[in-house]
Ligand SMILES: Nc1ncnc2c1ncn2[C@@H]1O[C@H](COP(=O)(O)OP(=O)(O)OP(=O)(O)O)[C@@H](O)[C@H]1O
Ligand SMILES: [Mg+2]
């Protein structure tokens, strides 16, 4: 029996799982999403959302995969993703964005900001291309739901860490990952296997 099936009815994990299903069913209504879910709730939601994506018919998954791959080539500017990250940080009210190149314990570029924490609505829009939580927000500079995917020109997969949400955005998929960076106050986007400018120009 897998971990999902074992979550008892009424448990935090099960409530998170139900929220992932509701997110898919009632999008773009996200007004019901809790502000401060628990780790178990977030874990259940991410695992259930990943399962929903995995179980899509092949034709929809192929379309999603194509959109993702196309997004990484959208901009002729290799570092377009960094200005997209700045825009996304600004859109959630951040006053600081840090860019860190880490070599240990793994090579990754970290984009860390102190804006409003990630919610389940953001998780959905971060994972699926051409989906945005900002369509009705006149103040936000983001609109289309694709800017962040241009970061994939720099490496990947992308991982988001903002407690209690920790997940990897794989091609047409997602996965729950252990907390490694990020707190509730700092969102951390990791670009794994970040390639240097030199290696990209070879
Ligand atoms: N740092 C972040 N914190 C919280 N949510 C984020 C963050 N970055 C992205 N998101 C979520 O992911 C979604 C997709 O981001 P993305 O940059 O691809 O598109 P967008 O900002 O909506 O529009 P655009 O394509 O014009 O940039 C956003 O709508 C938002 O919900
Ligand atoms: Mg954006």
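A few points about this structure:
- Each residue in the stretch 124-147 was checked for being farther than 15 Å from residue 171 by Cα, more than 8 Å from ligand 2 (Cβ to nearest atom) and buried (at least 20 other Cβ atoms within 10 Å of the Cβ), and 1 pass.
- Scanning the stretch 84-111 for residues that are within 15 Å of ligand 2 (Cβ to nearest atom) and modelled with pLDDT under 95 gives no hits.
- Hits in the stretch 103-144 (condition: assigned to a loop (DSSP other than H, G, I, E, B), near ligand 1 (Cβ under 7 Å from one of its atoms) and touching a strand residue (DSSP E or B) at 6+ places or on another chain (Cβ under 6 Å)): 118
- Failed item in (1) at pLDDT below 95; (2) in contact with a helix residue (DSSP H, G or I) (Cβ under 8 Å, 6 or more places away or on another chain), with residue 65 passing the rest: (2)
- Qualifying residue in the stretch 174-189 (condition: within 12 Å of ligand 2 (Cβ to nearest atom), on the phi > 0 side of the Ramachandran plot and in a loop (DSSP other than H, G, I, E, B)): no
- Condition met for residue 114 (surrounded by fewer than 18 Cβ atoms within 10 Å (Cβ to Cβ), more than 28 Å from residue 61 (Cβ to Cβ) and at pLDDT 95 or above): yes
- Within the stretch 145-163, the set of residues being in a loop (DSSP other than H, G, I, E, B) and within 13 Å of the chain's Cα centre (by Cα) comprises 145, 146, 156, 157, 163.
- Taking the stretch 166-185 as the range and being at pLDDT below 95, over 18 Å from residue 71 (Cβ atoms) and in contact with a strand residue (DSSP E or B) (Cβ under 8 Å, 6 or more places away or on another chain) as the test, the residues that pass are 175, 176, 177, 178, 179, 180, 181, 182, 183, 184.
The values are calculated or read from the model by the stated rules, or taken from the named source; none is laboratory data. Note that the structure is a prediction, hence the values are computed from the model and not measured. Cβ coordinates were reconstructed from backbone atoms using ideal geometry, including for glycine residues, and neighbour counts include every protein chain displayed.
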